[in-house]
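Presented below is the structure to which this report refers.
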Amino acid sequence: MEYILRTYPQFSVCGLNCGLCPRYYTVGSSRCPGCAGEGFSDVHPPCGVLSCCQRKGLEYCFECGEYPCKKYENADKSDSFITHKKQFHDMERAKCDFNAYRNELNEKIEILQELLANYDDGRRKSFYCLAVNQLELQDINFTMEQIRNNADSQAVLKEKAKIAASLFKTKADEKGIILKLRK
């Protein structure tokens, strides 16, 4: 099925932060462009939630009087490539003030890009995506400051990645957040 291109595919119609998904940063034919982004139908199976939204002329499910409908049963119980743990929470925040939420998500996306460019030893992309998705922006910024202060710019990438991952895990533990996908 072909979908109408969305103006902000980094946040899905159902509340997932596509801009924080590992597949959004994959290089090659399996790269996902985000929810109904350019080429979405080529790499993503048909999506009943997206089809429903577009059929009703809605940008997000929260605009529908039936939200959350039966399509959301157990939606936050397991994960795919991206965590669904904060799906409803993020949708509510976007519903209250979409521009503020989009600005925060864009800031998280920039931080994730910095992590992937400077602290990914080839084994941490999913971990960083999960950490940035799960933690609050203030905690991410605090952790990034620690990373920048503790990771010697001359250090080997593997050591910088180890420091960054350790600091994110410590912050997540403090907040009671488990940085693992649920299958």
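Read the figures in this text as sums done on the coordinates, not as results from a lab. Every value quoted in this text rests on a predicted model; they were computed, and no experiment measured them. Positions of Cβ are generated from backbone atoms using ideal geometry, with glycine treated the same way; all protein chains shown enter the neighbour counts.
Could I have the simple spin-label model distance between residue 31 and residue 74, label points 7 Å from Cα toward Cβ, reported in nm to one decimal? Label at residue 31, label at residue 74, 3.4 nm between them.
Take the Kirkwood radius over Cα pairs of region 64-156, plug it into Stokes-Einstein at 25 °C and 0.890 mPa s, and you get 162 µm²/s for translational diffusion.
The phi-based Karplus calculation (6.51 cos²θ - 1.76 cosθ + 1.60; θ = phi - 60°) puts the 3J(HN,Hα) values of region 31-36 at 4, 9, x, x, 4, 6 Hz, whole numbers, x for Gly and Pro.
Normalised size of the chain, defined as Cα radius of gyration per 2.2 N^0.38 Å with N residues, equals 1.06.
Note on residue 183: aspartates and glutamates with a C-alpha under 14 Å away, same-chain residues under 8 apart excluded, are 76, 79. Our summary gives the chain a relative contact order of 21 percent, counting only alpha carbon pairs under 8 angstrom and 6 or more residues apart. Computed 3J(HN,Hα) for region 151-164, one whole-Hz value per residue from the Karplus formula 6.51 cos²θ - 1.76 cosθ + 1.60 where θ = phi - 60°, is 9, 4, 4, 8, 5, 5, 3, 4, 6, 4, 5, 4, 5, 4, glycine and proline marked x. If you model region 13-100 as an ellipsoid using its alpha carbon gyration tensor, with each semi-axis the square root of five times an eigenvalue, the axes come out at 21, 15, 13 Å, biggest first. When you restrict to C-alpha pairs under 8 Å that are six or more residues apart and normalise by the size of region 1-96, the relative contact order lands at 30 percent.
Where Lys and Arg each count +1 and Asp and Glu each count -1, what net charge lies around residue 26 among other residues with Cβ under 13 Å from its Cβ?
+2
For the pair residue 175 and residue 95 in one chain, pulling the backbone fully straight at 0.36 nm per residue adds 26.3 nm over the alpha carbon distance.
So if I take the alpha carbon set of region 1-51, get Rg, then get Rh from the Kirkwood formula, what is the Rg over Rh ratio?
Computed over Cα atoms, the ratio is 0.91.
Rounded to the nearest 500, the helix-only mean residue ellipticity at 222 nm of the chain stands at -14500 deg cm²/dmol, with each DSSP H run of n ≥ 4 adding -39,500 (n - 2.57). The 3J(HN,Hα) values that the Karplus relation (6.51, -1.76, 1.60; θ = phi - 60°) gives for region 128-133 are, in residue order, 5, 4, 5, 4, 5, 6 Hz. Gly and Pro appear as x. Each of 96, 61, 35, 52 was scored by other Cβ atoms within 10 Å of its Cβ. Arranged with the fewest first, they read 96, 52, 61, 35.
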